Amino acid sequence: MPAFPRRALLAAPLAAPAVLRAQTQARLLIIGGGFGGATAASFARRHHPWLDVTLIEPKTRFVTCPYGNLVLAGARQIGQITHGYDGLRARGVRVVHDWAAGIDAGQRQVRLAGGETLAYDRLILSPGIALRWGALEGYDEAAAEHMPHAWVPGDGAQTLLLRRQLEEMPDGGVVGLAIPANPFRCPPGPYERISMIASYLKRHKPRSKILALDAKEAFSKQGLFQDGWAALYPGMIEWVPGNRDGRVTRVDARGRVLETEFGTQHRVAVANVIPPQSAARIAIEAGLTDNSGWAPVNPRTFESRLAPGVHVVGDANIPGPMPKSGYVANSTAKQAVASIAAALRGEAPPEAVYFNTCYSHVGEDYGISIVGVFRPNAEGTAIAEVPNSGGISPRGNLPEQRRLEALHADAWYESITRDMFA
Ligand SMILES: Cc1cc2nc3c(=O)[nH]c(=O)nc-3n(C[C@H](O)[C@H](O)[C@H](O)COP(=O)(O)OP(=O)(O)OC[C@H]3O[C@@H](n4cnc5c(N)ncnc54)[C@H](O)[C@@H]3O)c2cc1C
C-alpha cells in the first residue's frame with residue numbers, strides 16, 4: 001500500500017478558507033469505521049448536519065473487541081458483537097467500503113485502494129492499531145494462525161480460532177498468554193481475557209491451568225483482578241511479571257512454545273500471543289507517527305502535530321495518560337468533530353474534557369471498573385487526569401457491587417454501540 005510522499009505532508013498549505021467552506025457543505029472524510037471513526041461519522045451528522053460526511057471502511061460488518069473476551073467464555077456469540085453500517089447510511093453518511101491507500105495532506109486528498117481519490121476539507125483518521133509482526137521472534141501472520149492474538153478482531157476469525165482451540169484442548173492442559181509492555185490497546189484487556197478463559201475452563205476443563213507471561217511488573221486494576229481470581233478460580237491462574245522472567249521474546253508457533261528473556265521454554269496446549277503494537281499502517285505510511293510508532297496530536301483538537309487538517313483519534317494517537325480504549329476513542333472523536341466544525345466556522349475549538357470507563361468481566365455476574373476524567377493542561381501542550389475525578393471499584397467481598405457492575409458493563413456496551421452505529 002504505497003502512500004503519498006512524506007514531502008507532500010510537510011508542504012501542507014494553511015487551512016482552507018474556513019468561513020466560506022462552512023457556508024457551503026464542507027467535506028469531512030473519515031478513515032476507519034470502528035470506535036473512533038463510526039462515532040465521528042454519527043456525531044457529525046447528528047450535531048453538524050451541514051457537514052458532508054464520508055466514511056471509508058473496508059469491512060461491511062464491524063466486530064467489536066469489547067465483549068470479545070465474553071465470546072471466549074461462551075457468554076456471548078460473535079453475532080451479538082457484530083454491527084453493520086446501515087444506521088450510519090440512514091443518518092446521511094456516505095459509507096465507502098474500501099481501504100484508504102494514501103493520504104496527501106498537502107492536496108487534502110485520500111487515495112483509495114480501489115483507485116478513487118476523495119478530496120476533503122478536514123480528515124479524521126481512526127484506523128486503530130497494527131500488530132508489530134516480528135517484534136517477538138517467530139511471531140508473524142502465519143504464526144497467528146496457530147497462536148491467535150485475537151486483538152484486532154477483523155471478521156472475528158481470530159477470536160473464534162482461540163475459542164475453538166480452548167474447546168479442543170484436553171482437560172489438564174496449560175493455556176499460555178504472552179502480554180506486552182505498555183503502551184498497547186486496552187490495558188485491562190489481557191486480564192479480563194485471563195478471567196474469561198478461566199471461567200470457561202472452570203466449567204468445562206477444571207484441571208487446566210493458565211500461565212500468564214507478562215512483560216510488565218504491574219497492570220490495570222491488578223488488586224481487583226487478583227482478588228477475583230483467588231475467589232473464583234483458586235489455584236488456576238499463575239501470573240508471571242517481567243522481573244520474574246515473564247517477558248516473552250520468542251515463540252515456536254507450531255510447537256506451541258513460549259520462550260522468555262532468560263531462555264525458559266514453556267510448552268502449552270493453547271497459546272494466546274498479544275504482541276507489541278503501533279498505530280495502524282496507514283498512519284505510519286502517511287508520516288503521521290513519530291519514533292514512538294504513534295501519532296502525536298494537539299490535545300485540544302486531536303489535530304495531528306505533523307499534518308494540518310488531519311485529526312487522529314482512537315488508538316492510533318499518543319493520548320497522554322488516557323488508555324487506548326473504545327470509550328476514549330468515542331470521547332475524543334466527538335471533540336475532534338466539534339473542533340473541526342468550529343474551525344470551519346472560523347471559531348476557536350470548544351473546551352475539551354475527555355472521559356473513560358473501562359469495565360472488565362472477572363466472572364459471571366462479576367464486573368469491575370476504572371473511571372478517569374481528563375483535560376488538556378492550561379498551556380494546551382499535554383493531557384492530564386483531573387485530580388480526584390475518577391476512581392476504581394472498591395476492593396472487598398462485595399457480591400452485589402460486582403453483580404451491578406456486570407450489568408452496568410452490559411448497558412455501556414449497548415449504549416456505546418448504539419451511539420456509533422444506530
Ligand atoms: C480484547 C479486547 C477487549 C476490549 N475491551 C474494551 C472495553 O471493554 N472497553 C473499551 O472502551 N475498550 C475496549 N477495548 C479497546 C477498543 O477495542 C479500542 O480501544 C478501540 O477499538 C479503538 O478504536 P479505534 O477507532 O482506534 O480502532 P478500531 O475500533 O479498531 O477501528 C479501526 C477501523 O479502521 C479500519 N481501518 C484500518 N486501516 C484502514 C485503512 N487503511 N482504510 C480504511 N479503514 C481502515 C479497520 O478496518 C477498523 O474497522 C478492547 C480491546 C480488546 C482487544
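Below are the figures for this structure:
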read-out: Within segment 222-251, considering residues that are open to solvent by 60 Å² or more (accessible area, probe 1.4 Å) and assigned to a strand (DSSP E or B), the one nearest to Pro183 (Cα to Cα); value: Arg250
read-out: Selected residue (criterion: farthest from the chain's Cα centre (by Cα)) from residues of segment 136-145 that are among the small types (Gly, Ala, Ser) and away from the ligand (no atom under 16 Å from the Cβ); value: Gly138
read-out: Flag if Asn272 is over 25 Å from Gly372 (Cα atoms) and either open to solvent by 20 Å² or more (accessible area, probe 1.4 Å) or part of a loop (DSSP other than H, G, I, E, B) (or both); value: no
read-out: Identity of the residue in segment 74-104, more than 12 Å from the ligand (Cβ to nearest atom) and surrounded by 21 or more Cβ atoms within 10 Å (Cβ to Cβ), that ends up nearest to Pro308 (Cα to Cα); value: Val93
read-out: Count of residues meeting criterion [closer than 15 Å to Glu364 by Cα and free of Cβ contacts under 8 Å to residues at least 60 places away in the same chain] in segment 60-98; value: 1
read-out: Top-ranked residue of segment 206-221 - restricted to ones that are in contact (Cβ under 8 Å) with a residue 24 or more places away in the chain and closer than 26 Å to Val371 by Cα, ranked as most open to solvent (accessible area, probe 1.4 Å); value: Glu217
read-out: Criterion: more than 16 Å from the ligand (Cβ to nearest atom), at pLDDT 95 or above, under 21 Å from Ala307 (Cα atoms) and surrounded by fewer than 22 Cβ atoms within 10 Å (Cβ to Cβ) - qualifying residue of Arg27, Arg6; value: Arg27
read-out: Candidate set from segment 146-170 (those that are open to solvent by 60 Å² or more (accessible area, probe 1.4 Å) and without any contact (Cβ under 8 Å) to a residue 40 or more places away in the chain); member that is farthest from the chain's Cα centre (by Cα); value: Glu168
read-out: Verdict on Ser389 being open to solvent by 20 Å² or more (accessible area, probe 1.4 Å) and polar (S, T, N, Q); value: yes
read-out: Odd one out for Lys334 among (1) assigned to a loop (DSSP other than H, G, I, E, B); (2) out of contact with any strand residue (DSSP E or B) (no Cβ under 7 Å at 6 or more places or on another chain); (3) more than 10 Å from the ligand (Cβ to nearest atom); value: (1)
read-out: Any hit, segment 341-354, residues being surrounded by 21 or more Cβ atoms within 10 Å (Cβ to Cβ) and without any contact (Cβ under 8 Å) to a residue 40 or more places away in the chain; value: yes
read-out: Exclusive hit being in contact with a His (Cβ under 8 Å, 6 or more places away or on another chain) and open to solvent by less than 10 Å² (accessible area, probe 1.4 Å), set Gly367, Gly309, Gly372, Gly287; value: Gly367
read-out: Matching residues in segment 318-338 - criterion: being in contact with an Asp or Glu (Cβ under 7 Å, 6 or more places away or on another chain) and open to solvent by less than 50 Å² (accessible area, probe 1.4 Å); value: Lys324, Ala329, Asn330
read-out: Index of the failed condition, Ala113 passing every other in (1) surrounded by 14 or more Cβ atoms within 10 Å (Cβ to Cβ); (2) farther than 15 Å from Ile30 by Cβ; value: (1)
read-out: Residue count, segment 148-205 (criterion: of a type in the set (D, E, K, R), outside any helix (DSSP H, G or I) and more than 12 Å from the ligand (Cβ to nearest atom)); value: 2
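The values are calculated or read from the model by the stated rules, or taken from the named source; none is laboratory data. Computed from a predicted model, the values in this text were never measured in an experiment. Cβ atoms come from the backbone with ideal geometry, glycine included; neighbour counts cover every protein chain shown. What goes into the accessible areas is simple: the full protein's heavy atoms, side chains included, and nothing from ligands, DNA or RNA. Shrake-Rupley method; radii C 1.70, N 1.55, O 1.52, S 1.80 Å.
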